Amino acid sequence: MAGPKNNSLSSLEHEIYSWQYDVPGFGAVGQQKLKDATVLISRCGGLGGVVAYELAAAGVGKMILAHAGDIKASDLNRQLLMTRKGIGTSRMDSIESRLLDLNPDLEIKAVHENISMENAPSLLEEADMIVDAAPLFEERYAMNDTAVCLGKPMVECAVFSLEAHLTVLVPGKTPCLRCLYPEPPPTWTRRFPVFGAVSGSLGSLAAMEVIKWLGGFGKPLCGTLLAYDLQDVSFRRYRIQRNASCECCSHIKQS
């Protein structure tokens, strides 16, 4: 864990975030909400790393970051918190160092392992919002199921090749991940085609969904799935609904 926890915005922080204050509906009140918030991000690679970097830049006060393993050469086309000189060293050490270089006021709880059903309850319990940037459905289901049990909102984001999907899942108000994917897609694997620019574009959008939710302004993508394909730069929005027979969330009364 790194970075001091101080809930009061300093004069320097007011200056750093002053351009954000001018966004309608946000202001200093919204900035304080960001500093008071804790966000959990599962995997800080090509997608989650950009989410974490943008949230650090925006002034989120605390992050719980979960990512196992050491830096590989094949990470470097997209994982912007990793460096070539760090190949063979801890991913999480690099993530933590680079985020604190940007924002020394950020408090980080660094978890050198991936999310699982065993660690999800204790980690998600601390968070105000969860970001699912994990590549494998085993991890994604662990976060989803725990988020539903704890009543925690979760930004769900994924990329494949030049395509990207984004939505905000809120227990009792929107579908959960198992409503959308009762079973993992048969073609989903650990390695998949991707450009860093695609995951970077989605990471920025996902970070904005977190900022809107925590800051209490704008219209988060609750009940709406945003899908886009950068092959032809086409965007689509889909209304998504809960599955009345979902094994995970059907018992929760609609709110």
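For region 140-173, a residue qualifies if it is among the β-branched types (Val, Ile, Thr) and surrounded by 24 or more Cβ atoms within 10 Å (Cβ to Cβ), and the qualifying residues are VAL155, VAL159, THR167, VAL168. When region 204-249 is limited to residues that are within 21 Å of the chain's Cα centre (by Cα), of a type in the set (Gly, Ala, Ser) and not in a loop (DSSP other than H, G, I, E, B), the one that is surrounded by the most Cβ atoms within 10 Å (Cβ to Cβ) turns out to be ALA206. Entry remark, region 44-101: residues being free of Cβ contacts under 8 Å to residues at least 12 places away in the same chain and hydrophobic (A, V, I, L, M, F, W, C) number 1 in total. Residues of region 156-176 that are of a type outside the set (Asp, Glu), within 14 Å of CYS222 (Cβ to Cβ) and free of Cβ contacts under 8 Å to residues at least 60 places away in the same chain: VAL168, LEU169, VAL170. On the stretch given as region 169-192, residues that are within 26 Å of LYS253 (Cβ to Cβ) and part of a loop (DSSP other than H, G, I, E, B) total 10. The condition of being at pLDDT 95 or above, over 27 Å from SER161 (Cβ atoms) and among the aromatic types (Phe, Trp, Tyr) holds for only one of PHE217, PHE235, that being PHE217. Applying a threshold of 7 Å to beta carbon distances and a minimum spacing of six or more residues, or different chains, the list of pairs starting in region 134-149 at a residue that is among the charged types (D, E, K, R) and ending at one that is assigned to a helix (DSSP H, G or I) reads ARG140/LEU177. The residue pairs whose first member lies in region 208-234 and is more than 18 Å from GLY27 (Cβ to Cβ), whose second member is small (Gly, Ala, Ser) and surrounded by 17 or more Cβ atoms within 10 Å (Cβ to Cβ), and whose beta carbons are closer than 9 Å, counting only pairs six or more residues apart or on different chains, are LEU226/ALA164; ALA227/ALA164; TYR228/ALA164; TYR228/SER201; ASP229/ALA164; LEU230/ALA164; LEU230/SER201. What about ASP93, is it closer than 16 Å to GLY48 by Cα and surrounded by fewer than 20 Cβ atoms within 10 Å (Cβ to Cβ)? Yes. None of GLY30, GLY49, GLY25, GLY61 is closer than 30 Å to PHE160 by Cα and modelled with pLDDT of 95 or more except GLY49. Somewhere in region 37-48, is a residue of a type in the set (Ser, Thr, Tyr) and within 14 Å of the chain's Cα centre (by Cα)? Yes, because at least one residue in region 37-48 is of a type in the set (Ser, Thr, Tyr) and within 14 Å of the chain's Cα centre (by Cα). The C-beta contact set for region 107-125 (first residue within 17 Å of GLY69 (Cβ to Cβ), second residue at pLDDT 95 or above and polar (S, T, N, Q), distance under 9 angstrom, 6+ apart or interchain) comprises VAL111/ASN119; HIS112/SER90; GLU113/ASN119; ASN114/SER42; ILE115/SER42; ILE115/THR146.
The values are calculated or read from the model by the stated rules, or taken from the named source; none is laboratory data. Given the structure is predicted, the values throughout are model-derived calculations rather than measurements. Because the Cβ atoms are built from the backbone with ideal geometry, glycine has one as well, and the counts that use them run over all protein chains shown.
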